[in-house]
Amino acid sequence: MSLIAEIEAERDTLVEIRHDIHAHPEIAFEEQRTSDLVARRLADWGIEVHRGLGQTGLVGVLHGSRGAGKRAIGLRADMDALPMPEHNRFAWASKHPGRMHGCGHDGHTTMLLGAAQYLARHRDFEGTVNLIFQPAEEGGNAGARAMMEDGLFDRFPCDEVYGIHNMPGAPVGSFGFRTGAMMASSNRFDIIVRGVGGHAAQPHHTVDPIVIAAEMVGVLQTLISRHKSPIETAVLSVTQIHAGDAYNVIPAEAVIRGTVRTFSEKVLDEMEANLRRVAETLPAVHGGSGELNFYRAYPPLVNHAAQTEFAAKVAEQAFGAARVRREIDPVGGAEDFSFFLQKVPGTYIFLGNGDGEHHSAPYHGMGPCQLHNPNYDFNDALLPVGSTYWVRLVEAFFAR
């Protein structure tokens, strides 16, 4: 693996930055301290800083020494943490109970900062690098969309845009690529079943919404097995049922909640239409009524072919073909980088975080080093890898 020596020499500084961010996690749209840290570092390196996009998001604008030119590339890192506890006990563990960098955004931010520092010293290109530090990726908050609504690509046009996410379980420092749909859409639903409440000893005087809801859970699964093409992918999960407060009372209402994930907008449209049909008609069979509230959070993340091929070749040239996996399997999770890719050509890249071999007992918590796990920790060995890759991608972009 060929790391840039100047970035490798900054390894301790990068680790210090990452640990500082990890120790002070901030959730969606509250990333003020993290944003301040990023802005201060960028300004110290002579990079133009623009703040307030998507509330706490910011963009660092770096022009080449040959001029701003007409070409621009966008590099994105997410900054937010998760509203969850941390079980690790190392020195840089979260200092804020119920807040944790359990997805590695502390590492993503630091990798882009490492690249920014190097590029600020080596600007031998004509064009512009837009360093996009995004808030609120987690939890359907859509910080990417919020930045776009604040004029991200109007104020900072990008010909292409790229993002990286660490991937536990993949070999440390390996790269994963996929053309087309790589991550699923994320959507949630509420179905309100309305009946007629009454005494539990006199069910014949009621329209029991719990019975209707129980039947509906089974019927909803037929939307996958009998109403969707078997060659298309979709997942429908019922995750909550709420009804009633007393043992001897049949309630008047039940609420079913869950999620739908698809890899195409077409399948998503079909799933929503079928879900609405079941929600509204099945209760009527029993004398009740039903209502669907459907919330589309993130669209499918669809990588562009030319940019995916370009990014994979850069990884092969920088680190060797053995470290590059092409056409990896799609992932059922969702990412709001998908909004960027609907507007600008680009691709999303996975960077292997390993199997947890960087854990040092007894300071790490018990359990796997998986995303959104209270024992997770970003692998610091990736910091110079990710920073080096960002630099090589920028160099190759302007060399084309």
**Prompt:** Of the conditions (1) within 25 Å of Leu341 (Cβ to Cβ); (2) out of contact with any helix residue (DSSP H, G or I) (no Cβ under 8 Å at 6 or more places or on another chain); (3) crowded, with 23+ Cβ neighbours inside 10 Å, Asp80 fails just one. Which one is it?
**Reply:** (2)
**Prompt:** Taking only pairs six or more apart or across chains, which ones have beta-carbon atoms under 7 Å, a first residue in the stretch 360-375 that is over 12 Å from Gly102 (Cα atoms) and among the aliphatic types (A, V, I, L, M), and a second residue that is modelled with pLDDT of 75 or more and part of a loop (DSSP other than H, G, I, E, B)?
**Reply:** Met366/Asn375
**Message:** Among the residues that make up the stretch 343-364, is at least one of them over 24 Å from His105 (Cβ atoms) and in contact with a Gly (Cβ under 9 Å, 6 or more places away or on another chain)?
**Reply:** no
**Fill in**
Filtering the stretch 168-206 for residues that are in the same structural domain as His304 (by TED's automatic domain parsing), farther than 30 Å from Glu270 by Cβ and either β-branched (Val, Ile, Thr) or not in a loop (DSSP other than H, G, I, E, B) (or both) leaves a count of 3
**Message:** Among the residues in the stretch 358-368, are any surrounded by 15 or more Cβ atoms within 10 Å (Cβ to Cβ), touching a strand residue (DSSP E or B) at 6+ places or on another chain (Cβ under 9 Å) and under 23 Å from Ser387 (Cβ atoms)?
**Reply:** no
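Matching residues to (1) aromatic (Phe, Trp, Tyr); (2) part of a loop (DSSP other than H, G, I, E, B); (3) more than 27 Å from Pro330 (Cα to Cα); (4) within 27 Å of the chain's Cα centre (by Cα):
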site: Val211; (1), (2), (3), (4): no, no, yes, no
site: Ala214; (1), (2), (3), (4): no, no, yes, no
site: Gln221; (1), (2), (3), (4): no, no, no, yes
site: Ile224; (1), (2), (3), (4): no, no, no, yes
site: Ser229; (1), (2), (3), (4): no, yes, no, no
site: Val235; (1), (2), (3), (4): no, no, no, yes
site: Thr239; (1), (2), (3), (4): no, no, no, yes
site: Ala246; (1), (2), (3), (4): no, yes, yes, no
site: Ala254; (1), (2), (3), (4): no, no, yes, no
**Request:** For the stretch 307-330, indicate whether the set of residues that are crowded, with 22+ Cβ neighbours inside 10 Å, closer than 21 Å to Met79 by Cα and among the small types (Gly, Ala, Ser) is non-empty.
**Result:** no
**Request:** Please work out which one of (1) assigned to a strand (DSSP E or B); (2) among the aliphatic types (A, V, I, L, M); (3) out of contact with any Phe, Trp or Tyr (no Cβ under 9 Å at 6 or more places or on another chain) is the condition Ala28 fails and give its number.
**Result:** (1)
**Prompt:** Is it fair to say Gly52 is out of contact with any Lys or Arg (no Cβ under 9 Å at 6 or more places or on another chain), over 21 Å from Leu383 (Cβ atoms), touching a residue at least 40 places away in the same chain (Cβ under 8 Å) and in the same structural domain as Pro362 (by TED's automatic domain parsing)?
**Reply:** yes
**Fill in**
The condition of being surrounded by fewer than 23 Cβ atoms within 10 Å (Cβ to Cβ) and touching an Asp or Glu at 6+ places or on another chain (Cβ under 9 Å) holds, among Gly74, Gly69, Gly57, only for Gly69
**Message:** Can you tell me how many residues within the stretch 34-54 are touching an Asp or Glu at 6+ places or on another chain (Cβ under 8 Å) and farther than 16 Å from Arg18 by Cα?
**Reply:** 3
**Asked** Between a first residue in the stretch 1-25 that is part of a helix (DSSP H, G or I) and a second residue that is of a type in the set (Lys, Arg), which pairs have beta carbons less than 8 Å apart while being 6 or more apart in sequence or on different chains?
**Response** Glu6/Arg121; Ile17/Arg41; Ala23/Lys95
**Asked** Out of the stretch 51-87, which residues are in contact with a Pro (Cβ under 7 Å, 6 or more places away or on another chain) and assigned to a strand (DSSP E or B)?
**Response** Gly57, Ala72
**Fill in**
Scanning the stretch 1-32 residue by residue, the ones that are closer than 23 Å to Met147 by Cα and surrounded by fewer than 15 Cβ atoms within 10 Å (Cβ to Cβ) total 1
**Prompt:** If you scan the stretch 88-106, which residues turn out to be surrounded by fewer than 17 Cβ atoms within 10 Å (Cβ to Cβ) and either of a type outside the set (Gly, Ala, Ser) or free of Cβ contacts under 8 Å to residues at least 24 places away in the same chain (or both)?
**Reply:** Arg89, Phe90, Lys95, His96, Pro97, Gly98
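Rundown of residues vs (1) free of Cβ contacts under 8 Å to residues at least 40 places away in the same chain; (2) closer than 30 Å to Ser338 by Cβ; (3) surrounded by fewer than 17 Cβ atoms within 10 Å (Cβ to Cβ), yes/no style:
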position	(1), (2), (3)
Ser174	no, yes, no
Thr179	no, yes, no
Ser185	no, yes, no
Phe189	no, yes, no
Glu215	no, no, yes
Lys228	no, yes, no
Glu232	yes, yes, yes
Ser237	yes, yes, yes
Asp245	yes, no, yes
**Asked** Is it the case that some residue within the stretch 139-146 is buried (at least 23 other Cβ atoms within 10 Å of the Cβ), touching a Phe, Trp or Tyr at 6+ places or on another chain (Cβ under 8 Å) and at negative phi?
**Response** yes
**Prompt:** Quick check: anything in the stretch 90-108 in contact with a helix residue (DSSP H, G or I) (Cβ under 6 Å, 6 or more places away or on another chain), part of a loop (DSSP other than H, G, I, E, B) and aromatic (Phe, Trp, Tyr)?
**Reply:** yes
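The values are calculated or read from the model by the stated rules, or taken from the named source; none is laboratory data. Keep in mind the model is a prediction, meaning the values are calculated, not measured. Here the Cβ is made from the backbone with ideal geometry for all residues, glycine too, and neighbour counts use every protein chain on show.
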